[in-house]
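Okay, structure first, notes after.
Read the figures in this text as sums done on the coordinates, not as results from a lab. Remember, it's a predicted structure, so these values are computed and weren't measured experimentally. We place every Cβ from the backbone using ideal geometry, glycine too, and count neighbours over all the protein chains shown.
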Amino acid sequence: MSTVSTPEPTLTPTGARPQRVQLVQRVQRQGALVVLVLLCVYASFQFDTFASSSNVRSIGLQASFLAVIALGMTFVIFTGGIDLSVGSVFALGGVLAAWGSQYGAAVAVLLPLAVCGLIGLVQGLIIARGGLAPFIVTLAGLLFARGLLLFISDEGGTVYKVPADSSFRDLAQGSFLGIGYPIWLVVVLYLVGALMLHRTSYGPTVLAIGGQEDAAQLMGLPVVRTKVLTYVASGLLAGLAGVLIASYTSSGVPIIGVGTELQAISAVVLGGTLLAGGAGTVFGTLVGVLLLQVIANVINQVGSLNSNWQDVVSGAILLGVVVLQRYLAGSTRR
Amino acid sequence: MAERTVTPAAPAAPPAEPGAADRGRFRLDGAWFRNNGVYLALVVLVVVNLVITPHFATTGSLRLQLVQVAPIIVVSLGMALVIGTGGIDLSVGAVMALTAAVIPLYLGYGFTGALLVGLVAGVVTGLLAGTVISRVRVQPIIATLAIMVGGRGIANIIGGEIKSIRDPGFRELGSGSVIGIPWVVLVAVVVIVVVRVLMTRTTFGRYLVSIGGNARAAELAGLPVARVLTTVYVLSGVLAALAGVLLVARNQASDPTRLGQLVELTAITAVVVGGTPLTGGQVRVLGTVAGALLMQLIVFTLVAHDITNSVAQMVQAAIVVLAVYAQVGTRMRRRSRA
């Protein structure tokens with residue numbers, strides 16, 4: 001798995017034994033993958049239906065929506081920021097897509113992307129130019145997008161349906177080589193994300209901003225432009241996930257996306273990206289998303305647990321992972 | 001009206017705001033608006049409502065407004081303490097839900113028993129958040145985000161659907177009053193006084209803002225940083241739980257799924273609009289109360305004039321950003337002048 005890091009003090013430990021440092025960094029980066037593999041092995045022995053092709057396909061499809069959102073969140077966290085608005089923007093994208101589908105598939109895709117991209121742009125400009133804390137701006141964005149969504153859907157009373165003959169339904173319901181389009185889209189998006197991180201000047205700039213923003217500014221890197229671009233991308237991707245879910249469920253449900261921001265953040269953190277910014281991987285996030293989805297699936301398989309347990313388990317996992325991260329970071333620094 | 005300010009360089013130093021020398025003189029500049037803008041806005045909005053909203057100035061209407069805002073004030077004051085340390089507590093809504101979920105289970109022990117167990121829920125979550133933040137040094141936003149989602153899940157698991165509460169104690173707390181003042185409002189007033197005294201007259205208050213001003217310097221100066229931080233999150237948890245108790249008492253019902261949704265945002269807004277900087281180092285108790293009243297009045301004004309909830313929500317979002325922008329703007333200009 002590939003990792004890019006800026007020359008930050010936490011990543012060039014002095015005084016610690018190199019072997020131990022390597023071990024710690026490996027746990028940090030590959031821990032989620034190990035847990036994912038172990039959990040899959042356990043679940044396929046424990047539950048007959050787990051490894052069936054229909055269940056695997058359903059996990060993949062379910063994971064694809066979160067994967068799209070979490071990709072944007074990954075880059076935002078690289079810059080040392082956070083985007084709490086993604087859940088609301090995701091729901092807004094879904095409602096706009098379902099509403100727009102009556103005017104054709106192109107409107108259903110482009111309208112949500114335009115609106116969600118615009119929300120990302122405004123948030124990015126306020127954060128990068130105005131110097132406001134990302135969490136408060138995106139928390140306000142969460143409220144605003146939810147308000148706009150309620151406004152469009154008659155205070156949440158109307159659920160727009162995608163017309164039965166609309167080609168828009170194929171976007172998430174169709175498949176190629178037996179694998180649904182959303183999964184292909186996720187593969188393409190993550191490859192593009194990895195290319196952006198490693199093969200363009202955007203990647204190192206994002207990480208440099210997360211490592212130390214003042215230094216990045218002094219080095220003459222385009223800090224404002226890069227940050228704005230990152231929040232636009234996060235808004236666009238959250239909107240795209242909304243488009244996909246509207247196509248998949250053939251409707252725009254106003255109440256989805258509550259708590260999705262936490263799932264996205266969890267996935268990013270589980271994937272080994274440091275919350276402080278400045279280091280991490282794109283594919284780690286994908287592993288994090290899959291891990292969360294498999295956990296949700298396993299909880300569903302255990303009949304006695306209801307879906308609220310997913311919230312409890314994701315909260316506990318997030319807390320456990322950040323505590324572990326802090327502990328590992330501390331042990332390499334000393 | 002700045003209750004206590006500390007410059008980052010000297011954590012335990014006496015209040016030393018730029019321009020402290022001419023504090024006695026009255027000057028109508030940006031700093032004055034930053035410190036007192038919330039009171040001015042509140043007065044303006046009250047006057048506007050007196051003119052345009054029918055039946056605004058009746059005792060019944062006033063009573064309703066105060067009863068509605070009381071739980072918000074209680075949560076916001078806990079949030080103000082946390083923000084004063086430079087942290088944030090996103091778990092308050094979930095703590096309210098958790099309290100609402102446990103109360104029906106312990107009604108058998110009577111009003112006091114159920115009340116205490118409800119408050120203990122706040123102590124436990126606060127202790128968890130505080131320990132993880134102060135000892136393990138996880139960022140407050142992540143620690144409390146995890147508790148927000150996990151706590152709401154636990155509340156749903158143990159609470160389930162809406163339960164009506166038929167307990168004379170809770171009925172009295174929710175709808176009773178002494179000498180014409182509702183109990184709910186009295187509780188909020190007591191909390192305001194206690195927090196204000198805590199911040200202006202105790203060592204704890206002094207430590208709290210010192211940590212918010214510069215945690216590292218506070219640590220080097222020998223302050224018990226971890227203990228104070230943990231206590232602050234416990235206080236925030238207890239106040240959120242108390243707000244949950246008030247709401248359960250007022251609704252005569254416990255609804256863990258919906259109680260306290262998005263309260264964290266309302267509380268943060270009240271604190272920020274009240275003039276407490278998000279960067280910490282200062283806690284404005286009365287400003288926070290005014291901020292909560294202002295936000296309540298804004299939503300009331302919009303809804304009273306047939307503007308829908310969704311639009312009111314968008315207006316609230318814009319106000320949050322504008323309030324924080326005004327703060328950051330003033331501070332940046334001041335820094336560039338220095």
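Brief remarks follow.
- Per-residue Cβ neighbour rank within 10 angstrom, fewest leading, A:M196, B:M314, B:M199: A:M196, B:M314, B:M199
- Förster radius 56 Å - calculated FRET efficiency between A:S44 and A:A276 (Cβ-Cβ, nearest 0.05): 0.95
- Size of charge dipole - the protein assembly as shown - debye, nearest 20, with Cβ of Lys, Arg +1 and Asp, Glu -1, no other charges: 1800 debye
- Phi angles across the stretch A:122-131 convert, under the Karplus curve 6.51 cos²θ - 1.76 cosθ + 1.60 with θ = phi - 60°, into 3J(HN,Hα) values of 4, 4, x, 5, 5, 6, 6, 8, x, x Hz, Gly and Pro given as x.
- Dipole in debye (nearest 20) - chain A, about Cα centre, beta carbon charges: Lys, Arg +1; Asp, Glu -1: 920 debye
- At 1.567 mPa s and 4 °C, Stokes diffusion of the protein assembly as shown via Kirkwood alpha-carbon radius, µm² per second: 50 µm²/s
- Taken about its Cα centre, the stretch B:104-219 carries a charge dipole of about 320 debye when Lys and Arg each add +1 at the Cβ and Asp and Glu each add -1 at the Cβ.
- Helix-only mean residue ellipticity at 222 nm for chain B, each DSSP H run of n ≥ 4 adding -39500 (n - 2.57), per residue, nearest 500: -23500 deg cm²/dmol
- Using the Cβ-Cβ distance between B:T202 and A:K161 with R0 = 56 Å, the FRET efficiency computed as 1/(1 + (r/R0)^6) comes to roughly 0.40.
- Calculated on the alpha-carbon coordinates, the convex hull of the stretch A:56-257 measures out at 111 cubic angstrom per residue.
- Close amide H pairs (under 5 Å, H built 1.01 Å from N) link B:S177 with B:W183, residues at least 5 positions away or on another chain.
- When each of the peptides A:146-153, A:134-141 is scored by the mean number of other C-beta atoms lying within 10 Å of its residues, the order from highest to lowest reads A:134-141, A:146-153.
- Think of chain A as a dipole: +1 on every Lys or Arg Cβ, -1 on every Asp or Glu Cβ, centred on the Cα centre; then among A:A276, A:L71, A:V287, A:A276 lies furthest on the positive end.
- Per-residue [θ]222 nm for chain A (sum of -39500 (n - 2.57) over DSSP H runs n ≥ 4, rounded to 500): -24000 deg cm²/dmol
- Per residue of peptide A:319-326, the mean number of Cβ atoms on other chains within 10 Å of the residue Cβ is 5.
- In this label model, A:A215 and B:V48 are separated by 4.8 nm, measuring between points 7 Å along each Cα→Cβ vector.
- Only one residue of A:G174, A:I127, A:G156 has its Cα farthest out toward the positive end of the dipole of the stretch A:122-191, where Lys and Arg carry +1 and Asp and Glu -1 on Cβ, and that residue is A:I127.
- Gaussian network model of chain A, springs between alpha carbon atoms under 10 Å - residue of A:G174, A:G81, A:G120 with greatest fluctuation: A:G174
- Approximating the spin labels as points 7 Å out from Cα along Cα→Cβ, the B:I179-to-B:L40 distance works out to 3.6 nm.
- Across peptide A:127-139, the average count of Cβ atoms from other chains found within 10 Å of a residue's Cβ is 5.
- Long-range amide H partners of B:L90 with built H, under 5 Å: B:T144, B:L145
- Counting all C-alpha pairs of chain B, share separated by more than 26 Å (%): 49 percent
- 10 Å Cβ neighbours from other chains, averaged over peptide B:149-162: 5
- Karplus (6.51, -1.76, 1.60) ³J(HN,Hα), θ = phi - 60°, over the stretch A:83-91, in Hz, Gly and Pro reported as x: 10, 7, 7, 4, x, 5, 5, 4, 5
- Value of Rg to Rh for the stretch B:139-216, rounded to two decimals, is 1.14; Kirkwood radius and Rg both from alpha-carbon coordinates.
- Placing unit charges on the Cβ atoms of the charged side chains and taking the dipole of the protein assembly as shown about its Cα centre, the candidate lying farthest along the positive direction among B:G78, B:F300, B:A221 is B:A221.
- Per-residue ³J(HN,Hα) for the stretch A:152-158, Karplus 6.51 cos²θ - 1.76 cosθ + 1.60, θ = phi - 60°, Hz, x for Gly and Pro: 5, 9, 6, 6, x, x, 10
- For A:A279, the residues whose amide H sits under 5 Å from its own are A:L274, ignoring neighbours fewer than 5 places away on the same chain, with H placed 1.01 Å from N.
- Among A:I183, A:I59, A:I82, the largest mean-square fluctuation in a Gaussian network model of chain A (Cα springs under 10 Å) belongs to A:I59.
- Where labels lie 7 Å past Cα in the beta-carbon direction, separation of B:A226 and A:V302 in nm: 3.2 nm
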